[in-house]
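Accompanying notes for the structure given below.
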Amino acid sequence: MTGTDRDTLTTADRFALADLPARYARYVDDRRWQAALELFTDDAEFVLPDPPRTLAPTLVHRGHAGIADVLTALEAVPVTFHALVGEVVDAGPEPGTATGTVACEAHHLLDPGPGDTTDLVWHLRYTDVYRRVGDTWLFTRRALRLAWAETRAVRHS
């Protein structure tokens with residue numbers, strides 16, 4: 001494949017950019033809110049849907065304070081599990097920027113206890129904008145579009 005867009009990201013950049021959403025998923029699932037927050041630039045935006053009204057990203061949370069509110073709201077969900085199922089990354093319009101789309105299946109165990117519980121599964125795509133700050137790639141914008149949701153009865157340990 002030829003073209004300047006694909007040529008401007010090094011292999012090291014591509015590994016770092018693939019690692020960023022994976023770290024986000026791991027930190028959220030491990031309830032490491034501060035570590036997840038540190039993956040965003042100070043001026044970042046996190047845009048979320050407002051289901052069931054809309055599945056499109058419409059609710060804008062800005063800066064670390066707004067994103068921290070989003071992350072800590074997940075404390076109401078006792079267990080999450082984010083399965084990243086695909087990612088595409090391209091160089092951005094300016095040096096030190098990139099864009100990406102990450103497909104994800106996000107599981108939310110509701111009221112887990114002994115026996116059966118409910119798994120609210122979100123099938124979604126993140127549309128990301130990344131910026132290099134020093135030697136580190138960070139999210140500068142993350143928009144979550146919910147494709148569909150389902151609930152499943154599950155057993156867990």
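If you go through the stretch 105-147 and pick out every residue that is basic (Lys, Arg) and under 15 Å from residue 39 (Cβ atoms), you end up with 4. Taken over the stretch 99-124, the criterion of being crowded, with 17+ Cβ neighbours inside 10 Å, of a type outside the set (A, V, I, L, M) and closer than 15 Å to residue 55 by Cβ is satisfied by 104, 122.
Consider residue 90 carefully, then state whether it is out of contact with any helix residue (DSSP H, G or I) (no Cβ under 9 Å at 6 or more places or on another chain) and acidic (Asp, Glu).
Working: out of contact with any helix residue (DSSP H, G or I) (no Cβ under 9 Å at 6 or more places or on another chain): no; acidic (Asp, Glu): yes.
So residue 90 fails the test.
Per-residue answers, yes or no, for (1) touching a residue at least 40 places away in the same chain (Cβ under 8 Å); (2) under 18 Å from residue 98 (Cα atoms); (3) aromatic (Phe, Trp, Tyr); (4) surrounded by 15 or more Cβ atoms within 10 Å (Cβ to Cβ):
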| site | (1), (2), (3), (4) |
| --- | --- |
| 9 | yes, yes, no, yes |
| 13 | yes, yes, no, yes |
| 22 | yes, yes, no, no |
| 28 | yes, no, no, yes |
| 31 | yes, no, no, yes |
| 40 | yes, yes, yes, yes |
| 45 | yes, yes, no, yes |
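Looking only at residues that are in a helix (DSSP H, G or I) and free of Cβ contacts under 8 Å to residues at least 12 places away in the same chain in the stretch 47-72, which one is surrounded by the fewest Cβ atoms within 10 Å (Cβ to Cβ)?
As a first pass, look at the stretch 47-72 and keep what is in a helix (DSSP H, G or I): 63-72.
Pick out the ones that are also free of Cβ contacts under 8 Å to residues at least 12 places away in the same chain and you get 65, 69.
Values: 65: 9, 69: 11.
Restricting to residues being in a helix (DSSP H, G or I) and free of Cβ contacts under 8 Å to residues at least 12 places away in the same chain, the top hit is 65.
No value in this document is a laboratory result; all are computed from the given coordinates. Since we're looking at a predicted model, the values are computed, not measured. A quick note on method: Cβ atoms are made from the backbone with ideal geometry, for glycine too, and the neighbour counts reach across all protein chains shown.
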